[in-house]
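The values are calculated or read from the model by the stated rules, or taken from the named source; none is laboratory data. The structure displayed is predicted, hence computed values, not measured ones. Heads up, the Cβs are rebuilt from the backbone with ideal geometry, glycines too, and the neighbour counts pull from every protein chain shown.
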Amino acid sequence: MIRGVRGATTVTRNSADEIIEKSVALMEDIISENEIVAERVASVYFTVTEDLNDTFPAKSLRELDGWTHVPVMCMREIPVPASLPMCIRVMVTVETDKHQEEIEHIYHHEATKLRPDLQKKKGEG
């Protein structure tokens, strides 16, 4: 089955180093929590808010072993008034045996506000 795995994080400034660092951490958690193998990934799409343009978060995948050949693209998020600033979102399209409700969507930092209904409570499996 093909599933989409969502995630998002925020940065504190428009800095290439921080964008890559936070994107790597986000992807590492998405991969780990969902037992994702790069070979089973169809594509990865990153979006960024208008205030982030110092680098492409897609570069973060090149920091991960085995992800060199995974197709990846970056896009600009729709500039909705009062939306969360300094935000990086990601959608990983992957072949998996997991059921929809088993997928762990990962939200870091201020991005936890985007989907509080999907956040695990500390200590829950």
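Assorted remarks:
- Every residue from the range 68-84 that is without any contact (Cβ under 8 Å) to a residue 40 or more places away in the chain and either touching a helix residue (DSSP H, G or I) at 6+ places or on another chain (Cβ under 9 Å) or closer than 27 Å to Met1 by Cβ (or both): Thr68, His69, Val70, Pro71, Val72, Met73, Cys74, Met75
- So Leu84, is it within 18 Å of Leu118 (Cα to Cα), surrounded by 12 or more Cβ atoms within 10 Å (Cβ to Cβ) and of a type in the set (A, V, I, L, M, F, W, C): yes
- Here Met91 fulfils each of the conditions (1) closer than 21 Å to Asp117 by Cβ; (2) part of a loop (DSSP other than H, G, I, E, B) apart from (2).
Yes/no matrix, rows are residues, columns are (1) under 25 Å from Ile20 (Cα atoms); (2) hydroxyl-bearing (Ser, Thr, Tyr); (3) modelled with pLDDT of 95 or more:
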position	(1), (2), (3)
Leu84	yes, no, yes
Ile88	yes, no, yes
Val94	yes, no, yes
Lys98	no, no, yes
His105	yes, no, yes
Thr112	yes, yes, no
Pro116	yes, no, no
Gln119	yes, no, no
Gly123	no, no, no
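- Of all residues in the range 1-18 being under 16 Å from the mean Cα position of the chain (by Cα) and part of a strand (DSSP E or B), the one that is farthest from Pro116 (Cα to Cα): Arg3
- Checked against the criterion of being under 13 Å from the mean Cα position of the chain (by Cα), within 20 Å of Val11 (Cα to Cα), exposed (fewer than 14 other Cβ atoms within 10 Å of the Cβ) and of a type outside the set (D, E, K, R), the range 54-74 contains one or more residues that satisfy it.
- Residue identified as part of a helix (DSSP H, G or I) and free of Cβ contacts under 8 Å to residues at least 60 places away in the same chain among Glu110, Glu21, Glu50: Glu21
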